[in-house]
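Heads up, the thing below is written out as structure tokens.
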Amino acid sequence: MRRAALMMSVAALAVASCATPVADPTISQTEFQRANEQHEAIVAEFGGAVGGSKAAYVEQVGDRVAVYSGTPNAAAAYKFTTLNSAVENAFAIPGGRIYITRQLMGLMNDEAELAFVLGHEVGHIAADHAQLRQATAQRNSILGVLGAIVGGVVGGDVGSLIARGSQYGTQLRTLSYSRDQEYESDTLGIGYMTQAGYDPDAGADMLAVLDRSTKLQARLQGRENRTTPEWARTHPLSENRVARAAQLADQVANAPQTRNRDAFLGQIDGMYFDDDPAQGIIDGRTFTHPDLRLRFQVPTGFQMQNSTRQVGISGSSGQAIFSLAQYNGNLDQYVVQVMRGIAGQQANIQVPQPRRTTVNGIPAAYSTARVNTQNGAVDLSVFAYEFSNDRAYHFATITRAGQGLQPFSSMVGSLQRLSAQQAAAVRPRVIDVYTVRSGDTIQSLARRMAYNDYQVERFASLNGLATNQQLRAGQKVKLIVYGRR
């Protein structure tokens, strides 16, 4: 969450398949122009672009695989952008624009895995998967905001509320493809990377990385026993895709072996991992923003998901966002405007007069309104804080009818200002590429990880290792340590 804006997270990596070559993978001039027009806004939504040698490196690898897509003048047709986002994600939009986050790159272990992901995204464009997606985009554009939120309250995904206030949230929610399209892009990605000289086994390895990361995150959030069958998912289950990708690689005769691990690790050494302090940092149940000079804590059992425009909070008893809006010095008016903005077309919403209070010395106002939706009645609440004459922040919460702010009472009461000293003490996590020495073990290196829990599991997942695996001297591994801004 930045001072000027906070945002939604799109949590779906489109990594895909090796099917029949596409007959006419031409990018139209109209699509190309539209993609360029959308580019700056998309980059802003995802925390900005990573520049310098890292950006040039991603572009180089992307061009290397894209040339085998059959797209005319592929090097000019496809543009690859690295995003400063803590979301594990890569996606493509019609017109040749492909995006990958630094967080996803941080999970990778070599250049061949990067080539697979970029090739997968090229495959989505070359196979014209967007044509079928347009109907989905039209349906999403007319979704009622509250109707969509209620689905999350009743048992949806973590952070579903945070996708609802952004113009580009609707567009980006359409980036998920059918299972068949994902499989096809996997096939195409493996085909492109193999022709480019990369080891095709990297496709299955990359999908296994994602599977491990997903399972670890589920464990960290207490969700490890909750599973959804593949037929009920948009994306195929990772373990099924891993097996399929491995079978495709086995079918390649005289497969190349290029992985370029050292070159890749050299590029990500020192790169931010997890949150950028400029957008705020999540540490357990606490969100701290050193630039905005504030901190709050979510209740036990709730999870947070950070983005450039807002922080999403989700649990079994409700959902919330923490964000900001334009402020003219009237806090009561601010509360009403935020509530009506969320309600959208619910013109008959009755907003009770906001009540005033003080939280940790900060002037505050709040109100709760009952809203009837097609999924039933819910309570919409806004709790706003005046930080200065021209700056205010707020929580917007959705709970079951009758609960109001009760599930979030500790959260709205926890917001506090940070001192200059406290803000200066907030440090980012960064990737440290370390060469294993004699006597090092997974357990000893894991203790260096900048986390208070699951250090061994995090280290093993990050490096694609078993927790009981033996390390060898000279081997390079990734550590996540505290760095400097």
Quiz item: In the stretch 250-258, is there at least one residue being touching a helix residue (DSSP H, G or I) at 6+ places or on another chain (Cβ under 7 Å), surrounded by 17 or more Cβ atoms within 10 Å (Cβ to Cβ) and not polar (S, T, N, Q)?
Solution: no
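Report yes if some residue within the stretch 323-338 is more than 17 Å from L292 (Cβ to Cβ), open to solvent by 10 Å² or more (accessible area, probe 1.4 Å) and assigned to a strand (DSSP E or B); otherwise report no.
no
For every residue, the table says whether it meets (1) at pLDDT below 90; (2) under 30 Å from L83 (Cβ atoms).
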| position | (1), (2) |
| --- | --- |
| G329 | no, no |
| Q333 | no, no |
| R340 | yes, no |
| G344 | yes, yes |
| A347 | yes, no |
| T357 | no, no |
| I362 | no, no |
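Quick one: is D379 over 23 Å from M1 (Cα atoms), out of contact with any helix residue (DSSP H, G or I) (no Cβ under 6 Å at 6 or more places or on another chain), part of a helix (DSSP H, G or I) and in contact (Cβ under 8 Å) with a residue 12 or more places away in the chain?
no
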Quiz item: If you check every pair at least six apart or on different chains, which have Cβ atoms under 6 Å apart with a residue in the stretch 315-339 that is under 26 Å from A377 (Cβ atoms) first and a residue that is open to solvent by 40 Å² or more (accessible area, probe 1.4 Å) second?
Solution: G315/G301; V338/A325
Quiz item: Is it true that some residue in the stretch 324-347 is closer than 26 Å to N89 by Cα and of a type in the set (S, T, N, Q)?
Solution: no
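Residue by residue through the stretch 242-269, note down the ones that are among the aliphatic types (A, V, I, L, M) and not in a loop (DSSP other than H, G, I, E, B).
Once the filter is applied, which keeps residues that are among the aliphatic types (A, V, I, L, M) and not in a loop (DSSP other than H, G, I, E, B), the stretch 242-269 yields V242, A243, A245, A246, L248, A249, A263, L265, I268.
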Quiz item: What number of residues within the stretch 465-485 are out of contact with any Lys or Arg (no Cβ under 7 Å at 6 or more places or on another chain) and open to solvent by less than 40 Å² (accessible area, probe 1.4 Å)?
Solution: 5
Quiz item: Of the residues E239, E224, which single one is modelled with pLDDT under 80 and either within 22 Å of the chain's Cα centre (by Cα) or assigned to a helix (DSSP H, G or I) (or both)?
Solution: E224
Quiz item: Restricting attention to the stretch 44-64, does a residue exist that is surrounded by fewer than 18 Cβ atoms within 10 Å (Cβ to Cβ), closer than 21 Å to T194 by Cα and of a type in the set (S, T, N, Q)?
Solution: yes
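Taking only the stretch 37-65 into account, find how many residues are assigned to a loop (DSSP other than H, G, I, E, B) and touching a Ser or Thr at 6+ places or on another chain (Cβ under 7 Å).
So the answer is 3.
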Quiz item: Which residue, of A130, A163, is crowded, with 22+ Cβ neighbours inside 10 Å, out of contact with any strand residue (DSSP E or B) (no Cβ under 7 Å at 6 or more places or on another chain) and at pLDDT below 85?
Solution: A163
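The values are calculated or read from the model by the stated rules, or taken from the named source; none is laboratory data. If you're wondering where the values come from, they're calculated on a predicted model, not measured in any experiment. In this analysis, Cβ positions are derived from the backbone assuming ideal geometry, glycine residues included, and neighbour counts consider all displayed protein chains. Quick note on the areas: whole protein, heavy atoms, side chains included, nothing else; ligands and nucleic acids left out. Shrake-Rupley method; radii C 1.70, N 1.55, O 1.52, S 1.80 Å.
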